[in-house]
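Contents: one structure, followed by commentary.
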Amino acid sequence: MTDARQREFLELLEPAYDRLSRYALAVTRDEMNGEDLVSATVLAAYEQFDKITDEAPFLHFLIKIASRLNKRQRFRERNRVPYDEKLVIKKQDSGPSPETAAEIRLVMDALQTLPERMRETVVLFDISDLSLEEIRRLQGGTLSGVKTRIKRGRKRLAHALGVRTSEEKSIQKKQESDRPYRSEERRVGKECRS
């Protein structure tokens, strides 16, 4: 807006300002809310000033804006409920506990380390509970490809989180059971040397 338009706006606003303030106080029935309504009205009028084409009185233009802003505010306020501390204390927190929230954050961060298609497959299957066939239809490809992405994604997640998978545990258990005892190792070692 040019300086000339700004001066014109201020010249029109000055004689209408007191009447606008009285109107705002009357409709809001509160001095602070009235001042807020006047401020919002002046700002909206300033922003729309270049769009004025007719020579209607400027006060009518301001009152129309103030009326609409007040109605909008009352519409928003109708769903507000007064604060009741007793009710707040009784209300249970529906969010996760801090420990659970931390664990969720760790899993979400670990998910971000997976390649995008694999991450999407794991999320669709394990979090969104979609069937393998539904995932295949969404992502395309084969059913075995979906199963492979899920298995590899879970394995990478477990590795990223430092959790051993059941497959890794069974391999380690088999290796431990196949290992000869120390005394047998010594005996076998002596026999080989002789």
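The values are calculated or read from the model by the stated rules, or taken from the named source; none is laboratory data. Keep in mind the model is a prediction, meaning the values are calculated, not measured. Positions of Cβ are backbone-derived with ideal geometry, glycine not excepted, and every protein chain shown enters the neighbour counts. All accessible areas refer to the heavy atoms of the entire protein, side chains included, with ligands and DNA or RNA removed. Shrake-Rupley method; radii C 1.70, N 1.55, O 1.52, S 1.80 Å.
The charge dipole of the chain, taken about its Cα centre with unit charges on the Cβ of Lys, Arg, Asp and Glu (plus for the first two, minus for the last two), comes to roughly 1800 debye.
Full extension of the chain segment joining ARG117 with ASN33 gains 25.0 nm, where the gain is 0.36 nm per residue of separation less the Cα-Cα distance. Beyond 31 Å in Cα-Cα separation lie the following of the pairs LYS151/LYS173; LYS151/LYS174; LYS64/LYS91: LYS64/LYS91. Every helix of 4 or more DSSP H residues in the chain counts as -39500 (n - 2.57), and over all residues that averages to -24000 deg cm²/dmol at 222 nm. When you filter the GluC sites (Glu not before Pro) in the stretch 1-65 for DSSP loop state and at most 11 other Cβ atoms inside 10 Å of their Cβ, you are left with GLU55. Protection proxy ranking of 73-81, 17-25, 129-137, by the mean of other Cβ atoms within 10 Å over each peptide's residues and highest first, is 17-25, 129-137, 73-81. Remark: the ARG154-SER67 segment gains 25.4 nm on full extension, using 0.36 nm per residue and subtracting the alpha carbon distance. Shown for the stretch 1-84: the carbon plus sulfur share of the solvent-accessible area, taken with all protein chains present and a 1.4 angstrom probe, equals 50%.
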